[in-house]
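The values are calculated or read from the model by the stated rules, or taken from the named source; none is laboratory data. The structure presented is a predicted model; accordingly, all values stated were derived computationally and were not measured. Every residue, glycine as well, gets a Cβ built from its backbone with ideal geometry; the counts of neighbours run over all protein chains shown.
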Amino acid sequence: MPQLAFLWLDEMGCGPTTAGLAGLTRLTTLFLDYTGNQSSRESNNSLLAAAPLSIREVAISGLESVWSQPPPLGRLSQLTRLSCGRDLLPHLGPLGQLRELELCDDSAAALSLEHIEGLCGLTSLQQLCFGVSMPASLGSSRRLQVRREFSCSADDAL
């Protein structure tokens, strides 16, 4: 299995050990389901911490709204694409190399000031996708503006 490139781990607990995952040196894509209990979240965090540095894409589902300990994504120096929920945004600062971000269960209207500040720290971000369309009632009164500047303030972003 060292040739495996894509791995999807759901909440059922069937998956490799941390040592086994580290041995998958050609793994580039990892999907983790965080919808389980505290034990499964800790297991997923351990797997992420042991994931090979070849990982370029991570998808995380079932996120919590408040993270006591966010997933350890910072050590994945080759990570360029992430799919997650907006509540992980304040913890993405160490991912300076991230080029694509998908907020799969959210719309731009759901972003708070804290979320926008998290986005501002992602200086290599080239693509931002939302899984949910903005409500039509907000379409004309709220706009999301993206600028290629080194600084970002909440007034400029929304």
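Restricting the first member to the stretch 33-50 and to residues that are of a type in the set (S, T, Y) and assigned to a helix (DSSP H, G or I), and the second to residues that are surrounded by 16 or more Cβ atoms within 10 Å (Cβ to Cβ) and modelled with pLDDT under 75, the beta-carbon pairs closer than 8 Å and six or more apart or on different chains are S40/E11. Residues that are under 21 Å from T18 (Cβ atoms) and either of a type in the set (D, E) or touching a His at 6+ places or on another chain (Cβ under 7 Å) (or both) are absent from the stretch 74-92 altogether.
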